[in-house]
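Notes for the one structure printed next.
What follows is calculated from the coordinates using simple rules that are stated; it is not laboratory data. In this text, all values refer to a predicted model and were calculated from it rather than measured experimentally. No Cβ is skipped: glycine too gets one built from the backbone with ideal geometry, and neighbour counts run over all protein chains shown.
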């Protein structure tokens, strides 16, 4: 992905304010637009009406560990807007982090008559930096 997201500054130990994000699908154009990989205004916003829940996959750039799933609240389903709900301890380590939005969907598998959970993960990495309080 050619687009470079600006870094979001955070403060060590904080839980507020929540970070609000818009979820875009960089593989499909917005209505009436020609897709440009360097211009998110040409990307389609993801409709969040059918999702079960959303999370921010959050990972320290110097770590090989799996990312942590931080819950997100849907603010505006039609506009693809979510809010990251920071919990105590989420911002406990200073440094550079990256995040991706992951959406979980429930879908009925009619052949097996069971509900399956599907997931979609954004392609764009969102850079974060957790800085000391002073």
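Some observations on this one:
- For segment 20-68: rounded, prolate or oblate by the Cα gyration tensor [a/c cutoff 1.5]: oblate
- Exposure proxy ranking for 91, 133, based on other Cβ atoms within 10 angstrom of each Cβ and starting from the fewest, stands as 133, 91.
- Set of segment 83-97 residues, backbone N closer than 19 Å to the point 7 Å along the Cα-Cβ line of residue 66: 90
- Candidates 63, 113, 77: whichever shows maximal mean-square fluctuation once the chain is modelled as a Gaussian network with Cα springs under 10 Å: 113
- Hypothetical label at residue 104: residues of segment 57-75 whose amide nitrogen lies under 13 Å (7 Å Cα-Cβ projection): 57, 69-73
- Calculated FRET efficiency for the pair residue 22/residue 121, C-beta based, R₀ 22 Å, to 0.05: 0.90
- The chain: most fluctuating residue of 62, 30, 111 per GNM, C-alpha cutoff 10 Å: 111
- Comparing 90, 14, 39 in a Gaussian network model of the chain where C-alpha atoms under 10 Å apart are linked, the largest mean-square fluctuation is found at 39.
- Option label - Kirkwood radius over Cα pairs in Å computed here, alternatives (1) 14.5; (2) 16.1; (3) 15.6: (2)
- Least to most buried among 44, 116 (fewest other Cβ within 10 Å first): 116, 44
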